Amino acid sequence: MNLTCEALDGALIVRVGEERIDAAVAIQFKDRMRQLADGAGNRVILDLSRVTFVDSSGLGAIVAVMKFLAPDRQLELAALTPNVGKVFHLTRMDSVFAIHADAPARGAGHAV
């Protein structure tokens, strides 16, 4: 699972470098996110700009990360592609997560 992160203005920006978050990578995604977010600030922003497909396992993994961070930290989503946006809308998860139209610019913070 290709995840990179950087700190920016008190938030941890995690960029997903994969096209899919599905059953094949859901456990890896969840475990890697827990490693990266351990000890992070109060906000974690997940950049999904490269992700074109999320299935129910992937959605479950994202929700599991949100629950892992709660109640002290918030998981926010950014730059959802149209197909991924539809999944969040149809499942009404768009009312659960803070969703940003764009992800913070690369290199604006420092690598973690």
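Each reported figure results from applying straightforward, stated rules to the coordinates on display, with no laboratory input. These numbers come from a predicted model, not from an experiment. Note that each Cβ is placed from the backbone with ideal geometry, even for glycine, and that neighbours are counted across all protein chains shown.
Quick look at the values:
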| read-out | value |
| --- | --- |
| Relative contact order of the chain, defined on C-alpha pairs under 8 angstrom at six or more residues apart (%) | 30 |
| Among A101, L3, F88 - extreme Cα towards positive end, dipole of segment 3-111, charges at beta-carbon | F88 |
| Mean ellipticity per residue at 222 nm, deg cm²/dmol - from DSSP H runs of n ≥ 4 across the chain, formula -39500 (n - 2.57) | -9500 deg cm²/dmol |
| Charge sum, other residues only, whose C-beta stays under 13 Å from Q74's C-beta, Lys/Arg counted +1 and Asp/Glu -1 | +1 |
| Segment 3-111, dipole about Cα centre (Lys/Arg Cβ +1, Asp/Glu Cβ -1), debye to the nearest 20 | 120 |
| Amide H within-cut-off set for I45, under 5 Å, with H built and near neighbours excluded | L12, I13, V14, E76 |
| Under Karplus coefficients 6.51, -1.76 and 1.60, residue-wise ³J(HN,Hα) of segment 2-7 in Hz, glycine/proline x | 8, 10, 10, 9, 8, 8 |
